[in-house]
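Structure first, commentary second.
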């Protein structure tokens, strides 16, 4: 069956009609292009007094071969002295893996006002530090990953305290990860 430039199959006029098979082939090809999402539905408390990265259990996306844009909006809480760092691992192979990061800078005095911001670019797996003032307001970090995947794998978001502290650091409900294959 012939395909479009993006790999979507279509029946050739010279092929005998087989609607169920043709629709199934098209549905399978479209599935690779639909956005994938993962969301935190229950707050995850990270290990206190530890700067060792740990998996955010709800934030996992399988990525097939192709170019992906993955947006992660992380809502978090942390003692002011601990802050947070966010990174990732990928079990497949990539030729390009970068991320753009925006969020409260470390040492911020007020996450609600966000008067101290960071905006930076890093490797996708790099642990990037964000600040928190210890208040009841959630800090929010936004990271946009660009991955050119050459062998399929799983993107796993990780987090930890930036500075070891006995207080609780958490990834909160409302944290969202969305992946879109763009090529």
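The values are calculated or read from the model by the stated rules, or taken from the named source; none is laboratory data. Please read these numbers as outputs of a predicted model, since none were measured by experiment. Reconstructed Cβ throughout: ideal geometry from the backbone, glycine too, with neighbour counts over all protein chains shown.
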Take residue 53 and decide whether it is under 30 Å from residue 140 (Cα atoms) and touching a strand residue (DSSP E or B) at 6+ places or on another chain (Cβ under 8 Å).
yes
Just one of (1) part of a loop (DSSP other than H, G, I, E, B); (2) within 17 Å of residue 181 (Cβ to Cβ); (3) assigned by TED's automatic domain parsing to the domain that holds residue 156 trips up residue 5, so point out which.
(3)
Could you list all residues from the stretch 118-144 that are over 13 Å from residue 79 (Cβ atoms) and modelled with pLDDT under 85?
137, 138
Quickly run through the stretch 150-163 and pick out the residues that are assigned to a strand (DSSP E or B) and either over 24 Å from residue 37 (Cβ atoms) or within 16 Å of the chain's Cα centre (by Cα) (or both).
153, 154, 155, 156, 157, 158, 159, 160
